[in-house]
Amino acid sequence: MSLQPINATLYEEKTWLQYFQNPKSLPLSYEQWEISLDTDLSLLEKSILNAIDTIPNINVRYVFNDDGDLLKYPAHNALHCFKFITEEINIAEYIEQTLSSSLNLEEHSPFYAIISKTSERTLLILVIHPIIKESITFTLFLDNIKKNYVLLNPSHKPKLTHIQQLQPSYQSLYSKSQISYFILEIFKEVLSEPLITENDDFFDYGGHSLLATRVIGELLQKYKIEISFNDFFRFSTANKLANYAKQATPIIDQSSTNIPTNVDTAPLSLAQTFLWNAYTAYNFGTVYNLPFAIEFTEAINESILAEALLDIVKRHAALRTLFLIYDKQPIQKIIPENELSTYKWLWKREENKGVLLEQEADYLFDLSKELPLRVRFLDHPESKHLILSFLVHHMAIDEWSLNTIIEDLKFAYQVRTKGIEPVWKKSSNTINAYAIWQKNQGIDSNHLSYWVNHLKSSRQIQSLLVDNSHQHTTSIEASSTTLHFKDDISVKLNLIAKKYHSSLFCVLYTLIASALQEKNNLDNIVIGTSASGRNNPAFLDTVGYFTTMIAHCIQFQNQKNITTLLEKITSIISESMSYADIPITLIQEEIGINSKELLFDVYIHIHSQNALNGYFLSPENKPIYYKQLPPPKNESMFGLHFEIMDNKFTDDIQSLSMVITYQKKKYSKEFIEDIVQKIYKNINLLMIYIN
């Protein structure tokens with residue numbers, strides 16, 4: 001045993017104490033993979049032993065010193081963590097009877113790698129004690145093994161096929177009525193609807209897919225209760241959902257206990273890396289500018305609004321982050337609050353004479369020297385109302401973040417009008433911390449495999465949507481058109497969504513996909529969309545770019561009617577949401593598609609209950625209404641981009657529209673008009689099924 005002890009973390013101390021008091025409350029977790037027959041097992045063993053030696057915190061022992069501090073000592077012999085078995089075993093029984101029953105953390109490793117070789121097959125089994133789950137994942141170790149093996153045998157990459165095993169049945173911690181109560185309380189919180197009951201439908205009270213994501217994340221973080229997206233859309237009351245909730249023993253909330261703190265400088269996350277590479281490919285131009293603007297229809301105190309904006313920039317570190325190159329790699333560095341005064345990011349009315357929104361939207365950021373945020377107070381050219389121009393670079397935020405920012409801004413403004421500095425209900429983790437947490441977790445190989453299996457044949461079968469009247473170029477110059485749906489259509493589309501246990505997004509996605517299929521008689525098409533990318537509930541309130549692009553291959557063969565297509569698309573999208581933390585570039589690399597290209601040319605996403613329409617509260621608690629000013633649509637990285645706008649302007653006024661942005665060198669205006677006609681035709685077809 002090494003004489004150089006390392007201090008145990010707080011998480012390790014808590015876990016050790018719980019394990020000491022009740023070992024059965026912390027069972028070992030394991031995963032297993034079948035090893036291909038052409039794998040050299042002697043090289044694989046060397047690769048495993050090398051990984052044990054080089055990855056920190058695997059081959060360690062835990063001992064209390066005389067002062068009562070828990071220390072961990074690195075051990076030298078990697079063979080203590082490795083077993084080679086040449087007989088058929090029941091892995092669950094073996095772990096329970098041979099490893100768990102005799103595991104003493106002072107004398108034994110909290111990690112084991114096992115090769116089980118029989119006449120029928122050879123398995124690799126990895127076993128992890130909960131005490132090291134803070135820093136070690138199955139994916140991290142497996143990736144290290146593969147790299148070591150290729151170094152030893154460059155001509156061969158070992159094939160390891162993951163084997164799904166039945167999960168242990170956890171002790172039921174809550175009754176059905178308790179789970180229903182938990183779900184209902186989160187419904188009330190995310191919907192801001194205190195009167196909703198356990199038998200009321202989540203979607204009848206303004207719920208949508210992004211809010212459903214938050215509910216699912218909150219349940220997992222607070223109560224270790226899991227609900228699938230499919231079940232959420234099928235059983236969308238608290239009472240019904242409680243029947244389909246899965247419970248896991250809430251031993252220690254690992255999603256929050258192993259989050260790094262005080263991280264000023266960090267690498268980019270996977271999603272940020274994807275966006276940075278795309279930003280680089282477009283020569284650091286303006287394509288990733290997000291030119292948000294709102295018009296206040298009533299007077300607002302601009303001095304207090306400026307104070308509230310400063311509160312927001314201090315609270316959300318992503319808005320005061322520089323993006324730098326270090327050792328040829330992009331990194332992100334948070335500017336301390338006390339240095340904000342050295343950066344110009346806010347311009348009041350008197351500083352903005354002659355400045356136009358269109359000019360501001362085309363501002364060219366230098367993210368290495370200035371904040372990714374520019375705020376201007378402008379005069380509306382006609383009404384003279386205040387326009388709040390909020391130009392932010394996409395590297396700093398996603399749509400989820402925008403809603404968080406606006407809600408926090410409203411709260412800060414309201415308390416500032418009363419002369420009070422805002423006190424936030426809870427602190428907000430930074431995306432820097434997420435980037436490091438994600439790096440430590442590694443890529444989830446099961447999630448990657450899911451997408452590879454879904455899209456592996458897309459390179460051969462995907463049908464390109466072609467406008468034969470136009471040449472195909474790489475120009476991102478774009479034009480747009482907007483569809484404004486009448487109120488009765490909006491109501492009926494929502495009724496269709498409810499009838500088929502779907503969502504408004506899936507209904508409109510189906511209408512678009514069907515129109516594209518009819519336009520070019522397609523057998524199939526790959527369509528891109530977005531997912532929140534927030535796979536750790538501890539970051540639900542974090543501002544930053546988390547969004548992952550995902551792709552679905554939609555097959556049109558044997559399609560009876562538009563409702564069967566709707567059911568298929570709903571199932572595909574809902575199922576995939578649990579796996580939507582893998583960037584599209586990694587998936588494309590795995591299936592052999594150039595990561596500099598996209599698998600899809602058509603992109604569909606929804607803006608639900610956009611926070612850019614609503615109201616602030618005056619000191620007298622009277623509403624100060626504001627509305628979004630639509631940004632210019634003159635550039636697009638997608639050939640066809642469908643943005644669904646499901647907006648709520650006031651408690652009584654909602655609207656549904658769709659903005660279609662298209663690359664002008666690729667698609668003609670006539671082509672788009674034909675697509676629009678087909679969408680409306682499909683709406684009429686759907687109406688047949690309303691009753």
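We did not get these values from a lab; they are worked out from the coordinates using the rules stated. If you're wondering where the values come from, they're calculated on a predicted model, not measured in any experiment. Heads up, the Cβs are rebuilt from the backbone with ideal geometry, glycines too, and the neighbour counts pull from every protein chain shown.
Here is how the number arises for the chain: DSSP H runs of 4 or more residues each give -39500 (n - 2.57), the sum is divided by the residue count, and the result at 222 nm is -10500 deg cm²/dmol.
Across all Cα pairs in segment 176-251, the calculated P(r) in 10 Å bins from zero up to the longest distance comes to 21, 62, 16, 1 percent per bin.
Sort segment 265-431 into rounded, prolate or oblate with this rule: let a ≥ b ≥ c be the square roots of the eigenvalues of the Cα gyration tensor; rounded if a/c is under 1.5, and if a/c is not under 1.5, prolate when a/b is larger than b/c, oblate otherwise.
The shape class here is oblate.
Taking the C-alpha atoms only, the angle from helix 504-520 to the longest principal axis of the chain is near 80 degrees. Considering the zone a paramagnetic label at Phe284 would reach in this model (a point 7 Å from Cα along the Cα-to-Cβ line), which residues of segment 537-560 have amide N under 17 Å from it? No residues fall inside that zone.
For the chain, the longest principal axis of the alpha carbon atoms and the long axis of helix 399-416 meet at an angle near 70°.
Each Cα pair under 8 Å and six or more residues apart adds its sequence gap; the mean of these over the residue count of the chain is a relative contact order of 14 percent. Here the simple spin-label model places points 7 Å from the Cα toward Cβ, and for Ile163 and Val63 these points are separated by 3.7 nm. If you plug the beta carbon distance of Lys240 and Glu407 into 1/(1 + (r/R0)^6) with R0 = 35 Å, you get a FRET efficiency near 0.75. In the chain, the longest principal axis of the Cα atoms and the axis of helix 669-687 are about 80 degrees apart. All Cα-Cα separations within segment 6-163 were binned at 5 Å from zero, giving a P(r) of 2, 8, 19, 21, 20, 14, 9, 5, 2, 1, 0, each value a whole percent of the pairs.
Inter-part distance, segment 351-375 to segment 23-63, computed on C-alpha centroids, equals 52 Å. If you plug the beta carbon distance of Asn338 and Tyr363 into 1/(1 + (r/R0)^6) with R0 = 22 Å, you get a FRET efficiency near 0.25. Quick check: pseudo-label points 7 Å beyond the Cα along Cα→Cβ at Glu350 and Ser192, how many nm apart are they? Output for this residue pair reads 3.4 nm. Taking label points 7 Å from Cα along the Cα-to-Cβ direction, Ser618 and Glu185 give a separation of 3.7 nm. In terms of packing, defined here as the mean over residues of other Cβ atoms within 10 angstrom, the peptides 364-375, 205-216 line up highest first as 205-216, 364-375.
If Lys and Arg each add +1 and Asp and Glu each add -1, what is the summed charge of the other residues whose beta carbon sits under 10 Å from the beta carbon of Phe556?
Values: positive: Lys568; negative: Glu518, Asp523.
So the surrounding residues net to -1.
Considering only beta bridges that DSSP places wholly inside the chain, some 85 percent are antiparallel.
The residues neighbouring Ser475, those whose beta-carbon lies less than 11 Å from its own, together hold a net charge of +1 under the Lys/Arg +1, Asp/Glu -1 convention.
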